[in-house]
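Step one of this worksheet: look at the structure below.
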């Protein structure tokens, strides 16, 4: 029975990935050096995502040190009330309630950006539309039949899907029915900040790795030159 359930889950995930590959993804503007964007993204994550999803590979202290923000400011403006600076970003929802309400525990999002990619996340969060056949009344163009409700519907508003035809074939266009509390541009920036934060959480040392990588490449190039000169010196007298 467990093997059957596992097979069904794999088939569902494979269908979701294949379906998303057929959709042209929107490009996220990821900039891990933009500390203000990372701070806004962290606030958005705690406010709109942490209720169900965790990011347990990240601690508030690590974020404060990486972004250069005072620890008290992080606790005041980002972390939920009562959190310690040493806490991980754990969801307030326990496993029992999650399985009761959603049928499965929402996944940890520490590595979601590395798994799916920034463009996929950005497009996914913007691609919810009304669908009364679904349990939560919404579906997603990038990940069809998603089990997650739209956490940002009040900000974005409600969209509906309209089939369109072109000389190249049919496609689905999402049309905004009711404007949310944010304008389209404001919502795009909101989602981009959130995705920027999730990309950072997936690899907090990315900027440091890239900085050190330049020195490693320089060292390797110098080593190649030295090795070549040594080779010429050792073999010059060999017939």
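The values are calculated or read from the model by the stated rules, or taken from the named source; none is laboratory data. What you are looking at is a predicted structure, and each value in this text was computed from that prediction instead of being measured. Ideal geometry is used to build each Cβ from the backbone, glycine not excepted, and the neighbour counts take in all protein chains shown.
Observations on the structure shown:
- Checking the stated criteria, residue 188 turns out to be surrounded by 13 or more Cβ atoms within 10 Å (Cβ to Cβ), over 19 Å from residue 50 (Cβ atoms) and modelled with pLDDT of 90 or more.
- Residue ID - surrounded by the fewest Cβ atoms within 10 Å (Cβ to Cβ), chosen from residues in the range 50-76 that are out of contact with any strand residue (DSSP E or B) (no Cβ under 8 Å at 6 or more places or on another chain) and under 27 Å from residue 100 (Cβ atoms): 51
- Failed condition for residue 22, given (1) modelled with pLDDT under 95; (2) within 26 Å of residue 99 (Cα to Cα): (2)
- Residue within the range 191-214 that is touching a strand residue (DSSP E or B) at 6+ places or on another chain (Cβ under 6 Å) and either modelled with pLDDT of 85 or more or under 21 Å from residue 121 (Cβ atoms) (or both) present: yes
- The condition of being touching a helix residue (DSSP H, G or I) at 6+ places or on another chain (Cβ under 9 Å), in a loop (DSSP other than H, G, I, E, B) and under 30 Å from residue 29 (Cβ atoms) does not hold for residue 107.
- So residue 176, is it over 23 Å from the mean Cα position of the chain (by Cα) and farther than 22 Å from residue 39 by Cα: yes
- Residue 174 vs. criteria part of a helix (DSSP H, G or I) and within 30 Å of residue 31 (Cα to Cα): no
- From the options 83, 79, residue that is crowded, with 19+ Cβ neighbours inside 10 Å, in a loop (DSSP other than H, G, I, E, B) and touching a helix residue (DSSP H, G or I) at 6+ places or on another chain (Cβ under 7 Å): 79
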